[in-house]
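Just so you know, all these numbers are worked out from the coordinates, no wet-lab data involved. What you see is a predicted model; the values in this text were computed from it and never measured. So basically every Cβ, Gly included, is an ideal-geometry build from the backbone, and we count neighbours across all protein chains shown.
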Amino acid sequence: MLAFNPRDPAFIANPYPFYRQLRAAMPVWTDPTGRTFLTKYEDVSLMVRDRRMGRNFKNPDTLIRRFGPTALDEPAVVELSKMMLMQDPPDHTRLRGLVAKVFTARKMEDMRAGIQTITDRLLDKVQAKGEMDAVRDLAFPLPVLVICELLGIPEEDRDHFVNGTASGGALLNPVVPTREELDRANQSSKTSALYFERLFALRRKEPRDDLLSLLVQAEEAGDRLTSEELRANVTLLFGAGHETTVNLIGNGLWSLHRNPSQWAAIRDDPSLIPNAIEEILRYESPVQIVGREAAEPIEFSGTTVQPGTPMVALLGAANRDPDVFPDPDRMDVTRERLKPLSFGGGIHFCLGAQLARIEAEVVFRTLLRRMPDLTLPNVDAPKWRESFTLRGLTTLPATWSPARH
Ligand code: HEM
């Protein structure tokens, strides 16, 4: 009998045998609570792109079913429901349009030099020691500093975020949250609201050339962004900007060392790095699920799903579908025509995909150049975060010979 428990540490450590079993036995699986899970690449791809699928978070019943009977009184749930990620058109189109202006390909490329500087500064702090915790000292602070830069968080506040920890995204797990998880999420939403309100006030008085000022101006224009939406979407950008990229870098470094021939391959030929990043995204997807609800009947692998059905797409499973990726459990940085579903697809396709790819590319290039003999002493004993949805490591000790530069 199949059992899905996204809070089980053993499952979090290795969800792949479950994915494989499910995909082979029941690619469209409805669990006892009525949620339907998809594991095939083709089905997941359809689910994220098809207009018959939506979020339906404006419907109170959806929120109650998803987050429990108190959902409408939980500040963190209300905030989540205002994020573009959880909205359907036309609200989604309006919100995404405001932010997308800043996330242009040109603008992201322009950030590369700054990302290099931040990476070098972080490595300068540890290079002579010959050791670091690659999560705490590099993979976590880098994306935090990058998103701070993009939003325009004042320099003096950045250390506070750099020294923080990933909040875990408990509300994103595909189960009704516990009271404790809700309390924690409410607390963190309150703290971030207090912080951002203060900053919005500053930017209203004195706009700058940053994303916060742009969004504050949209809010002031009235009909384009309410103050609740402003707060929720800045929180989304801040969280999405770092709680996922940390895991692309961490999971990447770990899996490349778990498969040493693959680390050697990019070391010998750094031009493979962009393709290696796609393979890391496929092999250890930093985001494991996305959710939707069917608005109309829709067929997946011969099974018709009825309107109102809550759906969960298992991205990590779709990325290892043998019909699309031969020998899917093997990591191979030279795979061709890689199109993992790790950034989703359709109207919610990750807004920060290019930024995340640039960050990872700069990190791997720089590590190979500055610490070519880097090793991970605990590579066989990874410590996974508690979150199933945001897949990543809490710590990743690394060593190298400090004499080399
Ligand atoms: C490796 C890093 C990242 C991964 C794996 C990732 C993954 C995803 C996924 C799977 C979605 C779609 C969710 C859905 O369809 O339900 C998404 C949406 C989004 N991501 Fe990312 N993300 C990453 C980095 C970033 C960064 C760096 C930013 C911003 C700076 C960002 C901002 C967003 C936003 C704003 C959305 C919502 C887009 C919308 O609803 O239209 N992400 N991301």
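For an R0 of 45 angstrom, estimate the FRET efficiency from the Cβ-Cβ distance between THR226 and ASP133 and round to the nearest 0.05. Don't skip to the answer; put the middle values down first.
Values: r = 41 Å, r/R0 = 0.91.
E(calc), rounded to 0.05, equals 0.65.
Answer rounded, prolate or oblate for region 106-264, using the Cα gyration tensor with square roots of eigenvalues a ≥ b ≥ c: rounded when a/c is under 1.5, else prolate when a/b is larger than b/c, else oblate.
On the way: a/c = 2.12, a/b = 1.41, b/c = 1.51.
Judged from the Cα gyration tensor, region 106-264 comes out oblate (a/c at least 1.5, b/c at or above a/b).
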Would you mind computing, in nm to one decimal, how far apart the modelled labels at ALA264 and GLU336 are, each placed 7 Å from Cα along Cα→Cβ? 2.4 nm
For the modelled label position 7 Å from the Cα of GLN217 along Cα-to-Cβ, which residues of region 150-165 have backbone nitrogen atoms closer than 17 Å? 150-153
Within the chain, longest stretch clear of exposed GluC sites (Glu not before Pro) (DSSP loop, no more than 16 other Cβ within 10 Å): 1-335
Where the Cα pairs of region 116-180 fall when distances are cut into 5 Å bins, in %: 3, 14, 22, 19, 14, 12, 9, 4, 3, 0
Cα-based count: Lys pairs in the chain below 27 Å, eight or more positions apart or different chains? 15
Dipole-positive endmost among LEU38, SER188, ALA218 within the chain (Cβ charges, Cα centre): LEU38
Along region 277-292, what does the Karplus equation 6.51 cos²θ - 1.76 cosθ + 1.60 (θ = phi - 60°) give for ³J(HN,Hα), rounded to whole Hz, x for Gly and Pro? 5, 5, 5, 5, 4, 5, 6, 9, 4, x, 10, 8, 9, 10, x, 8
Per-bin percent of Cα-Cα distances, region 246-331 [5 Å]: 3, 13, 18, 19, 15, 10, 8, 7, 5, 2, 0
With 24 Å as the cut-off, how large is the P(r) tail for region 1-160, expressed as percent of Cα-Cα pairs? 62 percent
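How would region 337-405 be classified by its alpha-carbon gyration tensor: rounded, prolate or oblate, with rounded meaning a/c under 1.5 and the a/b versus b/c comparison settling the rest?
The shape class here is oblate.
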Under the Kirkwood approximation for Rh and a Cα-based Rg, what ratio Rg/Rh is obtained for the chain? 0.95
Taking the Cα centre as origin and putting +1 on Lys and Arg beta-carbons and -1 on Asp and Glu beta-carbons, what dipole magnitude results for the chain, to the nearest 20 debye? 220 debye
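How long is the gain from ASN14 to PHE349 if the chain were fully straight, where each residue apart is worth 0.36 nm and the alpha carbon distance is subtracted? Display every interim value, and only then the final one.
Numbers: separation 335, 0.36 × 335 = 120.60 nm, distance 2.60 nm.
That works out to 118.0 nm of additional length.
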I'd like to know which of GLN127, LEU172, VAL146 lies farthest towards the positive end of the charge dipole of region 116-172, counting +1 on Cβ of Lys and Arg and -1 on Cβ of Asp and Glu. LEU172
Sparse-neighbour loop sites [trypsin sites (Lys or Arg not before Pro); region 137-212; at most 16 other C-beta within 10 Å; DSSP]: ARG208
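Pop the C-beta distance of LEU194 and ARG94 into the FRET formula with R0 = 35 Å and round what comes out to the nearest 0.05.
Efficiency, from the Cβ-Cβ distance: 0.85.
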List the relative contact order of region 130-236 as a percent without decimals, with contacts defined as Cα pairs under 8 Å and 6+ residues apart. 21 percent
Grab the DSSP H runs of the chain that are 4 residues or longer, score each as -39,500 (n - 2.57), total them, divide by all residues and round the 222 nm result to the nearest 500 deg cm²/dmol. -14500 deg cm²/dmol
Go through PHE11, VAL28, GLY54 and say which Cα lies farthest out towards the positive end of the charge dipole of region 1-58; charges sit on Cβ, +1 for Lys and Arg, -1 for Asp and Glu. GLY54
In whole Å, what is the distance between the alpha-carbon centres of region 43-64 and region 161-234? 23 Å
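How big is the dipole moment of region 1-81 about its Cα centre under a simple scheme where the beta carbon of each Lys and Arg is +1, that of each Asp and Glu is -1, and everything else is neutral? Debye, nearest 20, please. Each step should come with its number before you reach the end.
Details: 12 positive and 9 negative charges, 65 e Å.
Using Cβ point charges on Lys, Arg, Asp and Glu, region 1-81 gives about 320 debye.
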